[in-house]
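Taking it in order: structure first as structure tokens, then the write-up.
Every number here is computed from the coordinates shown, using simple stated rules; none is lab data. In this text the structure is predicted, and so the values were computed from the model without any measurement. Cβ coordinates were reconstructed from backbone atoms using ideal geometry, including for glycine residues, and neighbour counts include every protein chain displayed.
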Protein chains: 2
Amino acid sequence: MEEFQRLSRDLIAHGAIIDYYQDTIMVPNGNIAKWDFIKHNGAAAVVPVDDEGRLIMVKQFRNALDRYTLEIPAGGLQSPEEPTRTAAARELSEETGYTSDHLELLLSIRTTVAFCNEKIDIYVADHLVPGSQHLDEDEFVQIFAYSVEELTEMIYSGQIQDSKTVAAILAYKDKYLK
Amino acid sequence: MEEFQRLSRDLIAHGAIIDYYQDTIMVPNGNIAKWDFIKHNGAAAVVPVDDEGRLIMVKQFRNALDRYTLEIPAGGLQSPEEPTRTAAARELSEETGYTSDHLELLLSIRTTVAFCNEKIDIYVADHLVPGSQHLDEDEFVQIFAYSVEELTEMIYSGQIQDSKTVAAILAYKDKYLK
């Protein structure tokens, strides 16, 4: 396989949840290219399954899309070293109020590999215990429960597009419901 | 639903395939927050299905992950107005050499909604006609064909993590193979 060589990685901007770098790369034919690199600490997400087999979803405003989205509960790691299972359990509790001692890793995704290192570990949680939301100061989240079939239809109709949510629902269906 | 208000959107850095903005947001409780926004033109991807039912995958170096990845063929739109079907057909031809007149929209994803507007429309292509790769100057891509079952195992083992590829394989399996 040909070799790519990174000649430099320069921090251009330090953001709230990401850092933006400009990389200088020598590609295999010897050309020099400038590539974007967005550094992200990583995140965790969870597919909460209630006792009726419905999945607990959160609706929230997404500034990047200028609209509300329906997603599985998720959030960034508090540090790159935080175990994703800990983060998944925390986000489940914060965003939905439910807690669970039964978290199983479903799959890991890289959201957008062309320019970003963000990794999301996605867990399945069942045996949910009800409680109350305790959101961060800037979080405003509504909770809904849907069947997997309803959610699958929302994926194909375009109502659900968030990549971690699409991957999580389809993987849960593939692995647990066939 | 509570109201979020964007007070400003300031361009911080103009990148190769993205632009980095800092947004100032008034959240519903009146607090002011600084949020990252990465603007992306959008992309198209394609699940190429050969006459044996195998999917054509591309292996390429991903600087953001410092490693090679196995993905479905994909690429950015040449302009925000380019039809994604056109882009999907072009990337299929450029990266794999195959062409197809049979492209059907499978689903659309938003890669990472917390900070980026990137949308990827994912098509299924069959009746593939062989040809030769014609890559961009900085592209170096190898081609492989795998069964859907092999690819599903690679998702759960972590060998395939790219979100568009995970979503595409699982959606193709859910929609076409059950």
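Taking the label point 7 Å along Cα→Cβ, residue B:131 and its counterparts in the other copies are spaced 5.7 nm apart, in ascending order. Compute the label zone of residue B:133 within segment B:50-74: residues whose backbone N is under 11 Å from the point 7 Å along Cα-to-Cβ. It comes to B:58-61, nothing else. Of A:29, A:41, A:117, the residue with the greatest mean-square motion in the GNM of chain A, using alpha carbon springs below 10 Å, is A:29.
For the protein assembly as shown, a simple Cβ point-charge model (Lys and Arg +1, Asp and Glu -1, everything else neutral) yields a dipole of about 120 debye relative to the Cα centre.
Cβ-Cβ distance of residue A:8 and residue B:126, R₀ of 30 Å, FRET efficiency by 1/(1 + (r/R0)^6): the value works out to about 0.10.
With r as the distance between the Cβ atoms of residue A:142 and residue B:104 and R0 = 35 Å, compute the FRET efficiency 1/(1 + (r/R0)^6) and round to 0.05. Write out the running numbers ahead of the final one.
Details: r = 34 Å, r/R0 = 0.97.
The computed FRET efficiency comes out at 0.55.
In degrees from 0 to 90, rounded to the nearest 10, what is the angle of the helix B:163-176 Cα long axis to the longest principal axis of chain B? Its long axis makes an angle of about 60 degrees. Across all directions, the average projected area of the convex hull around the alpha carbons of segment B:37-178 is 8.6 nm². The relative contact order of chain B comes to 22 percent, based on Cα pairs under 8 Å that sit 6 or more residues apart. In nanometres and ascending order, the distances from the residue B:59 label point to those of the other copies are 4.6 (point 7 Å from Cα along Cα→Cβ).
The smallest convex shape that holds all Cα atoms of segment A:71-132, its convex hull, gives 84 Å³ per residue. Would you work out which of B:167, B:145, B:116 lies farthest towards the positive end of the dipole of chain B, given +1 charges on the beta-carbon of Lys and Arg and -1 on that of Asp and Glu, about the Cα centre? Checking the options against the dipole of chain B, the answer is B:116.
Highest mean first, the peptides A:63-73, A:142-152, A:30-40 sorted by other C-beta atoms within 10 Å per residue fall in the order A:63-73, A:30-40, A:142-152.
When only alpha carbons are used to place a centre, segment B:150-168 and segment B:40-100 end up 15 Å from one another.
Multiplying each eigenvalue of the alpha-carbon gyration tensor of the protein assembly as shown by 5 and taking the square root yields semi-axes of 32, 26, 18 Å, largest first, rounded to whole angstroms. Pairs of Lys residues in segment B:41-176, spaced 8 or more positions apart or belonging to different chains, with C-alpha separations under 19 angstrom: 4 in total. Under a model in which nothing but the beta-carbon of Lys, Arg (+1) and Asp, Glu (-1) is charged, chain A shows a dipole of about 520 debye around its Cα centre.
If R0 is 22 Å, what FRET efficiency do you get for residue B:51 and residue A:175 from their C-beta distance, rounded to 0.05?
Computed FRET efficiency for residue B:51 and residue A:175: 0.15.
Look at the dipole of the protein assembly as shown built from charges on Cβ: of B:89, B:63, A:57, the Cα furthest out on the positive end belongs to B:63. Every pair of different Cα atoms in segment A:14-91 enters the Kirkwood calculation, which places the hydrodynamic radius at 15.6 Å.
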